[in-house]
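What follows draws every value from the coordinates through simple rules; no lab data is involved. Quick caveat: nothing in here was measured; it's all calculated off a predicted structure. Cβ: placed from backbone, ideal geometry, glycine included. Neighbour counts: every protein chain shown.
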Amino acid sequence: MAERPYHHGDLRAVLLSGAERTLADRGPAAISLRELAREAGVSHAAPGRHFKDKGALLDALALSGFQRLKSALQEATSEGTGARTRILALARAYVDFTLANGALLDLMYSRKHDSDVPDRLITAIEELLDIVLAPILQGQHDGEIVQGDPNSIAHTVVSTLHGFASLTADHSKEKFDGALPEVVHHLLHGLAPR
């Protein structure tokens, strides 16, 4: 049997891509550095240059997911004005990401609860909250959002969007895209009768 090469053009990216495919197809338990190395055509030791173990690979995959979600949310909120428009854009971007990457989103949020969660993962989560915080602060300034602790309001928005996205992950985009304006309406106006 021929020895597999150790070097690869961009092995880290290939391993992450393979891990994400495996995650989507078979779940996190099925991810194996040895199998990923075989698929990449490198020796079983080669992934060790990039990831000390499977946990490090999963952390890197979760971080990649947070970075992609952050980019999607930033792009969504860069257009439009007004709190309702910007929060609705956030909701659409979050649900779109969830529909396309449900297993990855589950991994992203499950890794943050590990006892040895890397600081860069915590930072990525905080950066997501900052993106949600921006339209809230602007909305408070413009009188569109009630005064109060903007961080608590941001947590409420993120929790609602995450819950809605998680509940809709197994359904079609069209079905739930129509429900998003109503969800945002309830976020902005509360549940109390007027």
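Phi-derived couplings, Karplus 6.51 cos²θ - 1.76 cosθ + 1.60 at θ = phi - 60°, listed residue by residue for the stretch 30-40: 7, 6, 9, 4, 5, 5, 4, 5, 4, 4, 7 Hz, with x used for Gly and Pro. Annotation: extensible slack from Lys52 through Asp25 equals 7.4 nm (criterion: 0.36 nm per residue apart, minus Cα-Cα distance). The length gained on full extension between Ala100 and Glu35, counted as 0.36 nm times the residue separation minus their Cα-Cα distance, comes to 21.0 nm. Here the simple spin-label model places points 7 Å from the Cα toward Cβ, and for Asp116 and Ala134 these points are separated by 3.5 nm.
Here the chain is described by how far its Cα atoms reach on the three principal axes: 75, 33, 30 Å, from widest to narrowest. Dividing the summed helix terms, -39500 (n - 2.57) for each DSSP H run of n ≥ 4, by the number of residues in the chain produces a 222 nm estimate of -22500 deg cm²/dmol to the nearest 500. Is the shape of the stretch 29-81 best called rounded, prolate or oblate, per the rule: a/c under 1.5 gives rounded, else a/b larger than b/c gives prolate, else oblate, with a ≥ b ≥ c the square roots of the Cα gyration tensor eigenvalues? The shape class here is prolate. Legend: calculated FRET efficiency, Ser166 to Ala45, from the Cβ-Cβ distance at R0 = 30 Å, rounded to 0.05, equals 0.20.
Under a model in which nothing but the beta-carbon of Lys, Arg (+1) and Asp, Glu (-1) is charged, the chain shows a dipole of about 400 debye around its Cα centre.
Normalised by the number of residues in the chain, what is the relative contact order in percent for Cα pairs under 8 Å and 6+ residues apart? Walk me through the numbers before you get to the answer.
Working: 184 pairs, mean separation 42.0, N = 194.
It comes to 22 percent, rounded to a whole number.
A Förster radius of 30 Å, combined with the Cβ-Cβ distance separating Ser17 from Gln74, puts the computed FRET efficiency at roughly 0.85.
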